[in-house]
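Peer 1: Below is a structure I'd like to ask you about.
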Amino acid sequence: MSTMSKFDQGFTGIRNLKIGIQLRIALSAILVLVLLLGAVSWYQSDSLWQNTKDLYEHPFTVRVALSELQADILHIYMGMKDLILANSEHKIESILREIDIYEVNATRQLEVLYKSYLGPRRDIDEVQSALAQWKTIRSETVRLLRNGKIAEATERTYSSGVGGAQAEKLMNEIRDISDFALTTYLSLIFFAIFIYFMKSTQNWSVKHSFLQEIV
C-alpha cells in the first residue's frame, strides 16, 4: 500500500511537470503573439503617421501653393489691364508696386513647390521660366505705354496678345501640376485606407488566435 502510494506520488509529479511545461509553452506562445501584435501595430501606426505626414507635406501643401500662385498670376494679369487705364505716372507706379508684391509671392510659392512637389522638377522649372518670360513681356508693355504707344501696349494685354497668351500658358502649366498633385493625394488616401483595413484585419486575427490559446 505504501509502495503504491509512492508510485502514485511519483506519477502525479511527472504529470504535474508536464502540465507545467505545457503552461509555459502556452504562455510563451501568448507572449509571442502579443509581441507580434505590438510590432505589427507599431509598424502600421508608423505607416499611417507617415502617410498622414505625406498628405500634409506634399499634395495638400502643393495645392495650397498652386492656388496662391494662380491668384498671383490673375492679380498681375488684371493689374496690367488696370495699367492701361491709368491716367497718371503716380497711378502707374502704384499699380506696378502692387504687381511687384504679387510677383514676390509667386516666387515664394515656387520655392514651396520645389520643396514639396513629388512630380518631375522640370514641371516647376517650366513655370519659373514662363514667369520670367512674362516679366520681360510686361516690362516691354510698360515701356510702350510710357512712350505713348497705348494701342500697341493695350493689344499686348489682350488674351490674344503676347502678354495674355503668356498668362494663359502659365495657368495651363499650373493646372497640369495641380492634376498630378490631386492624383498623388488620392493615391495616398487609398493607401491609408488599405493600411487601416489591413491593421483591422490582422488585429482581429491575432485576437482570435489569442482567444483560441486561452480556450
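The values are calculated or read from the model by the stated rules, or taken from the named source; none is laboratory data. Quick caveat: nothing in here was measured; it's all calculated off a predicted structure. Every residue, glycine among them, receives a Cβ derived from its backbone with ideal geometry; neighbour counts consider all protein chains shown.
Peer 1: Output the qualifying pairs, or none if there are none: Cβ atoms under 6 angstrom, residues six or more apart or on different chains, first residue in the stretch 72-87 and closer than 13 Å to residue 100 by Cα, second residue among the hydroxyl-bearing types (Ser, Thr, Tyr).
Peer 2: Hits for this filter: 72/102; 75/102; 76/102; 80/157.
Peer 1: Turning to a different aspect of this structure: In the set 135, 115, which member is among the basic types (Lys, Arg) and either within 21 Å of the chain's Cα centre (by Cα) or modelled with pLDDT under 95 (or both)? If you could, list the steps in order and put the result at the bottom.
Peer 2: On the way: 135 fails: either within 21 Å of the chain's Cα centre (by Cα) or modelled with pLDDT under 95 (or both).
Criteria check complete, one pass: 115.
Peer 1: Give all pairs with beta carbons closer than 8 Å in which a residue from the stretch 150-167 that is over 19 Å from residue 92 (Cβ atoms) meets a residue that is among the β-branched types (Val, Ile, Thr); count only pairs at least 6 apart in sequence or on separate chains.
Peer 2: Filtered contacts from the stretch 150-167: 162/137; 164/157; 166/137; 167/73; 167/76.
Peer 1: Now for a different question. Are any residues in the stretch 118-132 in contact (Cβ under 8 Å) with a residue 12 or more places away in the chain and in a helix (DSSP H, G or I), and if so, which ones?
Peer 2: Listed by number, the residues that qualify are 123, 124, 126, 127, 128, 130, 131.
Peer 1: Using beta carbons and a limit of 7 Å, which pairs, at least six apart or on different chains, have the first residue in the stretch 133-147 and over 17 Å from residue 168 (Cα atoms) and free of Cβ contacts under 8 Å to residues at least 40 places away in the same chain and the second one aliphatic (A, V, I, L, M) and surrounded by 15 or more Cβ atoms within 10 Å (Cβ to Cβ)?
Peer 2: If the second residue must be aliphatic (A, V, I, L, M) and surrounded by 15 or more Cβ atoms within 10 Å (Cβ to Cβ), the pairs left are 144/153.
Peer 1: Take the conditions modelled with pLDDT under 95, more than 29 Å from residue 80 (Cβ to Cβ) and in contact with a Pro (Cβ under 8 Å, 6 or more places away or on another chain) and apply them to residue 186. Does it pass?
Peer 2: no
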